[in-house]
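Before any comments, here is the structure.
The values are calculated or read from the model by the stated rules, or taken from the named source; none is laboratory data. The structure displayed is predicted, hence computed values, not measured ones. Methodologically, a virtual Cβ is constructed for each residue, glycine included, from the backbone with ideal geometry; neighbour enumeration extends over all protein chains shown. The area values use the complete protein model at the heavy-atom level, side chains included, leaving out ligands, DNA and RNA. Shrake-Rupley method; radii C 1.70, N 1.55, O 1.52, S 1.80 Å.
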Amino acid sequence: MSKEVFLTKEEEQEIVDAICMAEKETSGEIRVHIEKTTSKVPYDRALEVFHLLKMDETQLKNGVLIYLAVDDKKFVICGDQGIHDLVGADFWESTKEAMAIQFKNSNFKQGLIDGIVKAGNKLSAHFPYESGDTNELSNEISKG
């Protein structure tokens, strides 16, 4: 009996690579968190994960989290105060829509990469990479 895998190891690595590429252009931080399900409102759980991953501790408040509850078919993209104040709710909504198009076709890897690229482009516009910038947070996909 084979259990369906949400992302293969190769796909996960491609997502991590996309995060690394996006972060080369910005001081911002992007994380992806995947879990099977949540008993909470997905946005509330995303904020909880944001805090658990210490994403609210970046110097410029420019962390972006893509949160997925796979079995619930729910996902959230949210950013810390520094980036949110500059891009507003419309940006998060348009990014979510771009990702949803891929997700509806079961292209989960591509949907995540599209979201990462879009977030990375916005972060680099507002928080360009400067020499000496350190990667404040892991690029690995976290799981709950």
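Number of residues in the stretch 113-142 that are more than 17 Å from residue 50 (Cβ to Cβ) and among the aliphatic types (A, V, I, L, M) equals 3. Say whether the condition of being acidic (Asp, Glu), within 21 Å of residue 97 (Cβ to Cβ) and either touching a residue at least 12 places away in the same chain (Cβ under 8 Å) or out of contact with any strand residue (DSSP E or B) (no Cβ under 6 Å at 6 or more places or on another chain) (or both) is met by at least one residue in the stretch 26-40. No, the stretch 26-40 has no match at all.
Where helices (runs of 4 or more DSSP H) fall wholly inside the stretch 41-144, the ranges with 2 or more residues that are open to solvent by less than 20 Å² (accessible area, probe 1.4 Å) and touching a helix residue (DSSP H, G or I) at 6+ places or on another chain (Cβ under 6 Å) are 81-104, 108-126.
Reported count of residues in the stretch 1-33, each being surrounded by fewer than 22 Cβ atoms within 10 Å (Cβ to Cβ), outside any loop (DSSP other than H, G, I, E, B) and either modelled with pLDDT under 95 or acidic (Asp, Glu) (or both), is 5. Of all residues in the stretch 79-99, none that is among the aromatic types (Phe, Trp, Tyr) has its Cβ atom under 7 Å from the Cβ atom of a residue that is surrounded by fewer than 18 Cβ atoms within 10 Å (Cβ to Cβ) and modelled with pLDDT of 95 or more, 6 or more apart or on another chain.
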